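Colleague: Could you have a look at this structure, given as structure tokens, before my questions?
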2 protein chains.
Amino acid sequence: MLADVTTDLVLAVDVGGGTTKGEITDADGNVLCADTVETPYGEAAFEAIETLGLRLLDELTPDLRDRVARAAVILPGLVDPDRAIALFAANLGWRNVKVGSRFTDRWGLPVLIDHDVTVAGWAEWRYGAGRGHDDVCVLIIGTGISGTLSVGGRLVRASAGQSGVAQAGEYGHIPVRYRDGLPCPCGNVGCVETVASGPAIARAYAARTGREISGADVVFAALDTDPEAHAVVDDAVDALAAGLLGVVHASCPELIVLGGGLARAGTVLTSALQARLTTLLRVAPVPRIALGEFGIRAGLIGAAQLARTGSLR
Amino acid sequence: MLADVTTDLVLAVDVGGGTTKGEITDADGNVLCADTVETPYGEAAFEAIETLGLRLLDELTPDLRDRVARAAVILPGLVDPDRAIALFAANLGWRNVKVGSRFTDRWGLPVLIDHDVTVAGWAEWRYGAGRGHDDVCVLIIGTGISGTLSVGGRLVRASAGQSGVAQAGEYGHIPVRYRDGLPCPCGNVGCVETVASGPAIARAYAARTGREISGADVVFAALDTDPEAHAVVDDAVDALAAGLLGVVHASCPELIVLGGGLARAGTVLTSALQARLTTLLRVAPVPRIALGEFGIRAGLIGAAQLARTGSLR
């Protein structure tokens, strides 16, 4: 008999360039077991993820294991969720890998595949800080910056004509300072990420002070009236705001959610961005800026919900 | 008996700040009669539009007049299409005017009300240069710049939380040069419109050369290797491209359509914008840039289609 995904257990796996996290949760979000492994490169990455899933399933008693109804694995890079294929993931060295069917074979479960940040942004929109709103932009700010856009209650994905070559929501690569900005690893100049990502904030602060602290700690230091930290955070917020101006005018979101690792710096960042957008917007209404509720767990929470609901609706 | 809007005649009216255009068309788009009046201010604008509609209806033979099944009136400013209310139109001096029911009473027809540029952009997407594509951004470039965004086959409108205070698609008011740009009548600095609208291009060219020609003619002159025109158009294209970077990264449109009056300058503008975006984009795929097919008639054509279909689907 097919298990009931709405009431039963799911396996969620978030594959990152550095580490891969997995957990099995029940319908209330209780974590029955969880584990993390380093993510190797190439075929070894596949083996490591497969072993992680099997180990988690083996931790359950047989009757609980039978209740695991579905799994979802989320990946960086370019993903084709309909065909469950990893089209391109630079950190993993994967290109056109049929991921879904391979995990299904090993775990004996239906396995959904999707894009990590898209799933994390969807989770913040549907179940986190954006819940109840139809028009929401989510930025996941960490080592990079990307996110999602929801319009009229639907998640925006790259069009059929562009899928395979694009993920929607690459806000971090909007070149807001293409005349005089810093080079970005993507090959462009002045991308939002070169100013506003966690590492970019940390770098800018270290260049000014010689002190090496994390981006989130720079934001905290700005709160403590460290003038150098203040200048760095102002600059980051300016780049974030500049990157958001286009989507704000195009679709008038009610809410912009800041999630991911840097968001643990809290309301310092949201109030600064709120103030900056209030200064920069005249015709388009100023969206409310809210802090994400799931932090760096948004991907795993989203993957579990995806496994449960079957699609990013 | 209710006339069949899919096969019968419709009345379309495009209310502009300067002139109001009306026409009655059949299902093949043939224009049975058309007229234009100057748009007065305030209550007089309402009377002028009403008289225009009645005059067009009176031009028809009685049997044809009976076949006019529905009308659509499109307006500038802020419009609530569901309640058929003009919320705010600065050029007309209208605020919270119940437009739909008043025209329905006078013309004896069901009358739909909607926003002029939204309808024009929808027309270019659904029936013009964007037809057959689900993810399309349309810019209508004239005295101002605004347009539409379609995502996954649906037109993006301002969210419920923002309607009444916002029209989506105000691309012209994205402040792409807020540090060092020109003041915009909206109160902001460095909006796309201050560089790339028809009048802005004409002004910049006059400032360089003392010659007063239209924005479209400046674009033509750039084609004829006039170096001053070339510099002005390059600058306009740079501002347009900068304004589009956000929406391109957020939703990955396949196609950007340039419509409206300035677009009569033709492929000079589309190829320059295509080249500029190709230079500025690394991660997001470069959308194809196409010329609108309806020019300044996009609004009227869209209003007729809206009257026929009953909604902007």
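The values are calculated or read from the model by the stated rules, or taken from the named source; none is laboratory data. Nothing here was measured: the structure is a model prediction, and the numbers come from that model. Positions of Cβ are generated from backbone atoms using ideal geometry, with glycine treated the same way; all protein chains shown enter the neighbour counts.
Rundown of residues vs (1) without any contact (Cβ under 8 Å) to a residue 12 or more places away in the chain; (2) in contact with a strand residue (DSSP E or B) (Cβ under 8 Å, 6 or more places away or on another chain); (3) of a type in the set (D, E, K, R), yes/no style:
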residue	(1), (2), (3)
A:Leu9	no, yes, no
A:Glu23	no, yes, yes
A:Asp26	no, yes, yes
A:Val31	yes, yes, no
A:Val79	no, yes, no
A:Leu87	no, yes, no
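Colleague: Taking A:Arg208, is it at pLDDT below 95 and either touching a Lys or Arg at 6+ places or on another chain (Cβ under 7 Å) or over 18 Å from A:Gly172 (Cα atoms) (or both)? Break it down into steps so the answer makes sense when it comes.
Modeller: Details: at pLDDT below 95: no; either touching a Lys or Arg at 6+ places or on another chain (Cβ under 7 Å) or over 18 Å from A:Gly172 (Cα atoms) (or both): yes.
The answer is no for A:Arg208.
Colleague: Using the structure shown, decide if B:Cys252 is within 12 Å of chain A (Cβ to nearest Cβ) and surrounded by 21 or more Cβ atoms within 10 Å (Cβ to Cβ). Break it down into steps so the answer makes sense when it comes.
Modeller: Working: within 12 Å of chain A (Cβ to nearest Cβ): yes; surrounded by 21 or more Cβ atoms within 10 Å (Cβ to Cβ): yes.
Spelling it out, B:Cys252 is indeed within 12 Å of chain A (Cβ to nearest Cβ) and surrounded by 21 or more Cβ atoms within 10 Å (Cβ to Cβ).
Colleague: Identify the residue in region B:258-282 that is within 14 Å of chain A (Cβ to nearest Cβ) and at pLDDT 95 or above and, among all such residues, is surrounded by the fewest Cβ atoms within 10 Å (Cβ to Cβ). If you could, list the steps in order and put the result at the bottom.
Modeller: So in region B:258-282, the residues within 14 Å of chain A (Cβ to nearest Cβ) come out as B:276-282.
Right, trim to at pLDDT 95 or above and you get B:276-281.
Working: B:Arg276: 19, B:Leu277: 21, B:Thr278: 11, B:Thr279: 14, B:Leu280: 21, B:Leu281: 21.
Looking at the filtered set, the residue picked out is B:Thr278.
Colleague: While we're looking at this one, here's another question. Filter region A:144-156 for residues that are facing chain B (nearest Cβ under 7 Å) and surrounded by fewer than 24 Cβ atoms within 10 Å (Cβ to Cβ); which is nearest to the chain's Cα centre (by Cα)? Show your work before the answer.
Modeller: Residues of region A:144-156 facing chain B (nearest Cβ under 7 Å): A:149, A:151-152, A:154, A:156.
Then keep just the ones that are surrounded by fewer than 24 Cβ atoms within 10 Å (Cβ to Cβ); that gives A:152, A:154.
Working: A:Gly152: 21, A:Arg154: 17 Å.
Among those that are facing chain B (nearest Cβ under 7 Å) and surrounded by fewer than 24 Cβ atoms within 10 Å (Cβ to Cβ), it is A:Arg154.
Colleague: Just give me the residues in region A:51-81 being closer than 16 Å to A:Leu112 by Cβ and part of a helix (DSSP H, G or I), in sequence order.
Modeller: A:Gly53 - this is the single residue of region A:51-81 that is closer than 16 Å to A:Leu112 by Cβ and part of a helix (DSSP H, G or I).
Colleague: Have a look at A:Phe46, A:Phe88 and point out the one that is closer than 26 Å to A:Gly161 by Cβ, among the aromatic types (Phe, Trp, Tyr) and surrounded by fewer than 23 Cβ atoms within 10 Å (Cβ to Cβ).
Modeller: Values: A:Phe46 fails: closer than 26 Å to A:Gly161 by Cβ.
That would be A:Phe88, the only listed residue that is closer than 26 Å to A:Gly161 by Cβ, among the aromatic types (Phe, Trp, Tyr) and surrounded by fewer than 23 Cβ atoms within 10 Å (Cβ to Cβ).
Colleague: Go through (1) within 24 Å of A:Thr143 (Cβ to Cβ); (2) touching a Leu at 6+ places or on another chain (Cβ under 7 Å); (3) modelled with pLDDT of 95 or more and name the single condition A:Gly243 misses.
Modeller: With (1) within 24 Å of A:Thr143 (Cβ to Cβ); (2) touching a Leu at 6+ places or on another chain (Cβ under 7 Å); (3) modelled with pLDDT of 95 or more applied to A:Gly243, the lone miss is (2).
Colleague: For region B:178-196, name all the residues that are of a type outside the set (Asp, Glu) and touching a helix residue (DSSP H, G or I) at 6+ places or on another chain (Cβ under 7 Å). Can you show your working first?
Modeller: So the first thing to find is which residues in region B:178-196 are of a type outside the set (Asp, Glu), and the list is B:178-179, B:181-192, B:194-196.
If the condition is that a residue be of a type outside the set (Asp, Glu) and touching a helix residue (DSSP H, G or I) at 6+ places or on another chain (Cβ under 7 Å), then B:Tyr178, B:Gly181, B:Leu182, B:Cys184, B:Cys186, B:Asn188, B:Cys191, B:Val192, B:Thr194, B:Val195, B:Ala196 are the ones that fit.
Colleague: Could you count how many residues in region A:191-226 are surrounded by fewer than 21 Cβ atoms within 10 Å (Cβ to Cβ) and of a type in the set (Gly, Ala, Ser)?
Modeller: Kept after step one, since they are surrounded by fewer than 21 Cβ atoms within 10 Å (Cβ to Cβ), are these residues of region A:191-226: A:199, A:202-203, A:206-214, A:217, A:220, A:223-226.
Subsequent filtering for residues that are of a type in the set (Gly, Ala, Ser) retains A:202, A:206-207, A:210, A:214.
Count: 5.
Colleague: Of all residues being facing chain B (nearest Cβ under 7 Å) and over 25 Å from A:Pro287 (Cα atoms) in region A:157-167, which is modelled with the highest pLDDT? Just the residue, please.
Modeller: Selected residue: A:Ala166.
Listed here are the residues, each with its yes/no results for (1) assigned by TED's automatic domain parsing to the domain that holds B:Pro110; (2) among the aliphatic types (A, V, I, L, M); (3) out of contact with any helix residue (DSSP H, G or I) (no Cβ under 8 Å at 6 or more places or on another chain).
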| residue | (1), (2), (3) |
| --- | --- |
| B:Phe220 | no, no, no |
| B:His249 | no, no, no |
| B:Cys252 | no, no, yes |
| B:Gly259 | no, no, no |
| B:Ala265 | no, yes, no |
